[in-house]
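Values quoted throughout were computed directly from the atomic coordinates according to the rules given, and no laboratory measurement underlies them. Quantities reported herein were computed from a predicted structural model and do not represent experimental measurements. Here Cβ is always computed from backbone atoms with ideal geometry, including for glycine, and neighbour counts include all displayed protein chains.
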There are 2 protein chains.
Amino acid sequence: MKGFKFAGVHAGIKENGSDLGMILCEKPATAAALFTRNRVVAAPVILGKQTIKKAKCQAVLVNSGNANCFTGTQGLADARATTQMVARTFDIPRDFVMVSSTGVIGAPLPMDKFKTGIPLVKEHINTGTLEDFAQAILTTDTCRKIVSMKGCIDTPQGAKEFSMTGVAKGSGMIRPDMATMLAYVLTDADIGVGDLNSALTRANEKSFNRITVDGDTSTNDTLLCLASGESGVCIRDEASLKVFRDLLEKVCCRLGKMIVKDGEGATKVVQITVKGAKTGQDAFKACEAIAHSNLVKTAIYGEDPNWGRITAAAGRSGAFVDPDRMDLYFEKVPLVIKGCWQGPDAEKKAAGIMKASEINILLDLNLGDETDSFLFCDFSENYVKINADYRS
Amino acid sequence: MKGFKFAGVHAGIKENGSDLGMILCEKPATAAALFTRNRVVAAPVILGKQTIKKAKCQAVLVNSGNANCFTGTQGLADARATTQMVARTFDIPRDFVMVSSTGVIGAPLPMDKFKTGIPLVKEHINTGTLEDFAQAILTTDTCRKIVSMKGCIDTPQGAKEFSMTGVAKGSGMIRPDMATMLAYVLTDADIGVGDLNSALTRANEKSFNRITVDGDTSTNDTLLCLASGESGVCIRDEASLKVFRDLLEKVCCRLGKMIVKDGEGATKVVQITVKGAKTGQDAFKACEAIAHSNLVKTAIYGEDPNWGRITAAAGRSGAFVDPDRMDLYFEKVPLVIKGCWQGPDAEKKAAGIMKASEINILLDLNLGDETDSFLFCDFSENYVKINADYRS
């Protein structure tokens with residue numbers, strides 16, 4: 001896409017594989033960002049919250065393997081030092097450099113690896129690809145996560161196209177309020193920072209704040225959107241803003257789904273939709289409790305349509321529910337209607353549906369008009385293996 | 001203990017093993033009970049809430065293998081019918097019969113098994129033991145859970161002793177607000193129903209509401225306390241009430257610990273204590289988030305003193321925390337002091353501590369004077385295996 005360069009190199013922060021990536025903008029881009037709501041936040045997040053106030057960004061340096069979190073004042077100084085190295089190496093203002101880190105919490109950032117790594121990034125920045133960057137930011141992820149889409153705006157000069165590309169990492173410590181998730185959305189559209197901010201907040205609410213892998217919120221979550229304006233397509237009026245917002249939401253939702261699909265140990269992706277809730281908050285709470293229930297997640301892994309665990313999770317969610325009104329569907333198969341189990345044949349059909357790798361479950365509370373939905377993955381022995389052995 | 005008889009038989013509700021248990025009081029006992037706060041509640045809980053209003057109970061019938069939950073009006077009628085069978089068979093008032101169920105949600109109660117099972121219980125009630133009852137109420141539990149203790153009251157006639165025995169089941173669907181937990185505490189003390197109720201509420205708050213296995217709240221949780229008065233020891237004045245309350249709390253805490261120890265797939269029991277919180281609510285929230293974190297629980301299973309996950313869980317708990325003030329100890333070993341990691345030697349020592357089957361972790365927020373603590377277990381591949389295959 002116009003206006004952006006990429007690199008991804010092995011700097012030695014991780015033992016193997018590439019671990020240092022960069023997005024470089026030819027000119028300073030309009031920037032908006034959202035960060036984790038965890039009160040324990042990593043140094044790059046503390047720094048990023050200050051940097052983003054300027055609403056301009058020209059370089060993003062991301063390392064995997066070390067989260068630079070719980071590293072105190074030294075960690076913050078180290079994060080600052082890396083921005084300085086980038087600024088000097090690429091000859092751009094220090095205020096326009098953002099850094100992100102992901103990996104093990106608590107270990108000091110290995111500054112020597114940055115001293116040799118950043119020049120290596122410079123060597124590759126003119127030949128590197130988006131894929132190189134996407135690879136360099138991964139930790140326990142098993143695949144790169146990239147989404148590219150086009151938007152089209154009607155102008156007096158005819159239809160004009162702009163591009164949007166999202167790249168993300170995340171596989172564990174994923175729950176609403178963002179996660180150990182890093183996501184970067186790049187566009188060549190020309191948009192003001194106010195509009196970019198509100199579009200990003202809205203898209204995040206519909207995407208990354210509606211996914212969960214394991215219910216833990218990370219200390220490093222960052223969602224950053226950079227708009228280079230290089231396409232010449234101006235996003236100013238309501239019609240073009242709608243196109244931009246919808247596209248951003250789509251890109252974020254696809255990235256979110258990729259993260260859930262690549263959830264640690266995951267074998268299936270489930271969309272739970274709760275409709276008929278009295279309030280939006282009730283719909284959200286019921287979705288969240290179901291999506292976070294280890295009993296629901298293990299049943300899905302076992303391909304067991306254990307609807308009792310789903311309704312019980314809704315019951316403990318704090319949402320107002322009436323068991324005798326509940327309808328529960330696996331895809332189109334009704335398992336429960338008005339609180340009554342639909343018998344072994346329905347259950348057999350539902351068990352068949354669960355063999356798929358993507359499953360839609362609908363819980364209708366039949367109490368009102370509010371709806372919400374969540375994406376989550378199942379829970380396998382591999383999640384335990386991955387997380388019991390992560391640091392050893 | 002004076003005034004109580006027990007039985008446990010195989011009625012065929014489960015394929016194998018005993019599945020129908022009874023506690024029979026020679027005379028109606030003073031009774032107090034607490035039930036699940038899940039909005040989806042089982043039929044025996046709906047019925048039990050009505051029955052307990054009389055504050056008298058003479059017989060408790062408990063079946064395992066079927067939860068009689070999400071069984072609609074038929075389930076309620078079935079629960080009522082079983083109380084009637086018990087009343088007729090044992091010639092006691094129907095209002096004095098409590099029933100509990102635990103097992104699979106959604107399947108109709110197999111009434112024919114009760115018709116043949118209750119007479120079988122009668123055959124065994126004069127020869128049965130507490131162990132027989134404790135065995136009959138188990139589901140995925142791997143062991144019986146029984147605690148027996150003595151209390152001593154000073155009276156003008158000298159010291160007098162009374163007995164207290166608790167029996168419980170529970171292994172999964174365990175979290176605060178009670179769980180798929182059934183617990184019965186029996187005493188031969190003579191105590192008024194008001195005092196019994198407040199003592200039970202207090203003991204529950206300190207014990208069963210401070211444990212978690214998997215974070216799911218069951219639909220069937222019941223904690224029932226029966227006081228026969230047969231010892232002749234009267235609990236009336238403040239001094240004797242204190243003895244009774246403390247004993248009840250001890251019995252409930254021991255049962256709670258047994259449940260966590262027998263948590264599905266558990267290999268270790270952890271006590272997390274959060275001190276130095278600004279408010280009691282903050283201490284509770286931080287404890288709860290740590291105890292429920294799958295990342296913390298899998299790290300403990302892997303014997304990895306992954307303190308970053310513990311502090312991150314406290315950070316997302318909603319409690320007010322300041323990372324730079326946190327101290328974290330594994331037993332007596334400081335891993336973090338004022339937000340600073342204490343280095344690889346401390347971590348090696350902590351890793352050694354984690355080889356034990358019981359581990360104490362202390363997080364000092366250094367912000368105030370409030371303290372709370374929680375018991376939880378680790379999270380192994382076996383939890384997934386047990387819950388993926390539960391119904392198949």
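Counting only Cβ charges, +1 for Lys and Arg and -1 for Asp and Glu, the dipole size of the protein assembly as shown around its Cα centre is about 420 debye.
Axis-proximal residue of chain B for the rotation onto chain A, reported as residue and distance in whole Å: B:Glu381, 2, based on Cβ position. Per-residue ellipticity at 222 nm from helix content only, as computed over the protein assembly as shown with -39500 (n - 2.57) for each DSSP H run of at least four residues, stands at -11000 deg cm²/dmol.
Give me the distance between the Cα centres of the range B:96-171 and the range B:251-285, rounded to whole Å. Answer, in whole Å: 24. Using the alpha-carbon atoms, what tilt in degrees (0 to 90, nearest 10) does helix B:193-206 show relative to the longest principal axis of chain B? Compared with the principal axis, the helix lies near 30 degrees.
Think of each Lys and Arg Cβ as +1 and each Asp and Glu Cβ as -1; about the Cα centre, that makes the dipole of the range A:1-119 roughly 460 debye. Distance from the C-alpha centroid of the range B:193-211 to that of the range B:342-392: 26 Å, rounded to the whole angstrom. The same position A:Lys348 in the other copies lies at 6.2 nm from this copy, comparing label points 7 Å beyond Cα toward the beta-carbon, shortest first.
Can you tell me what share of the DSSP beta bridges in the protein assembly as shown is antiparallel? A percent to the nearest 5 is fine. For the protein assembly as shown, the DSSP antiparallel bridge percentage is about 70. Sorting A:Thr140, A:Thr273 by the number of Cβ atoms found within 10 Å of their own Cβ, with the fewest placed first, yields A:Thr273, A:Thr140. Taking every DSSP bridge with both residues inside the range A:269-388, close to 70 percent are antiparallel. The long axis of helix B:280-292 is offset from the longest Cα principal axis of chain B by roughly 90 degrees. Position B:Glu205: other-copy label points at 3.8 nm, ordered by increasing distance, label point 7 Å along Cα→C-beta. By DSSP, the beta bridges lying fully in chain A are antiparallel in about 70 percent of cases. Between A:Glu370, A:Glu358, A:Glu15, the residue with the greatest mean-square fluctuation in the GNM of chain A (Cα pairs under 10 Å linked by springs) is A:Glu15.
The fewest-to-most ranking of B:Ile153, A:Ile290 by surrounding Cβ atoms within 10 Å reads B:Ile153, A:Ile290.
Peptide B:370-379 has a mean of 1 when you count, residue by residue, the C-beta atoms of other protein chains within 10 Å of its C-beta.
Among B:Met181, B:Met354, B:Met149, the largest mean-square fluctuation in a Gaussian network model of chain B (Cα springs under 10 Å) belongs to B:Met149. Using the Cα centre of chain A as origin and beta-carbon charges of +1 (Lys, Arg) and -1 (Asp, Glu), tell me which of A:Thr155, A:Gly232, A:Val333 is placed farthest towards the positive end of the dipole. Going by the Cα projections, it comes out as A:Gly232. Residue-normalised convex hull volume from the C-alpha trace of the range A:240-297: 103 Å³ per residue. Which one, A:Asp322, A:Asp345, A:Asp372, has the greatest fluctuation when you compute a Gaussian network model over chain A with C-alpha springs under 10 angstrom? Highest fluctuation among the options: A:Asp345. Anything over 18 Å Cα to Cα? Flag those among B:Lys150/B:Lys268; B:Lys5/B:Lys122; B:Lys145/B:Lys261, in the order listed. Result: B:Lys150/B:Lys268 exceed 18 Å. Convex hull volume of the C-alpha atoms in the range A:269-388, normalised per residue: 88 Å³. Computed over the alpha carbons of the protein assembly as shown, Rg followed by Dmax gives 29.1, 104 Å. For peptide B:285-298, the mean count of partner chain Cβ atoms within 10 Å of a residue's Cβ comes to 4.
Take A:Thr267, move 7 Å from Cα toward the beta carbon, and the resulting point lies 2.1 nm from the same point in each other copy, nearest first.
Basic side chains Lys and Arg get +1 at the Cβ, acidic Asp and Glu get -1 at the Cβ, and with that the dipole of chain A about its Cα centre reaches some 640 debye.
Each principal axis of the Cα atoms in the range A:4-261 has its own extent, and those three values, largest first, are 54, 41, 30 angstrom. Averaged over peptide B:314-320, the number of partner chain Cβ atoms lying within 10 Å of each residue's Cβ comes to 5.
Projecting the Cα atoms of B:Pro119, B:Met22, B:Phe96 onto the charge dipole of the protein assembly as shown, computed from C-beta unit charges around the Cα centre, puts B:Phe96 farthest toward the positive end. Look at the alpha carbon pairs under 8 Å that are at least 6 residues apart: their mean separation over the length of chain A gives a relative contact order of 16 percent. Listing B:Arg202, A:Arg236 from fewest to most neighbouring C-beta atoms within 10 Å gives A:Arg236, B:Arg202.
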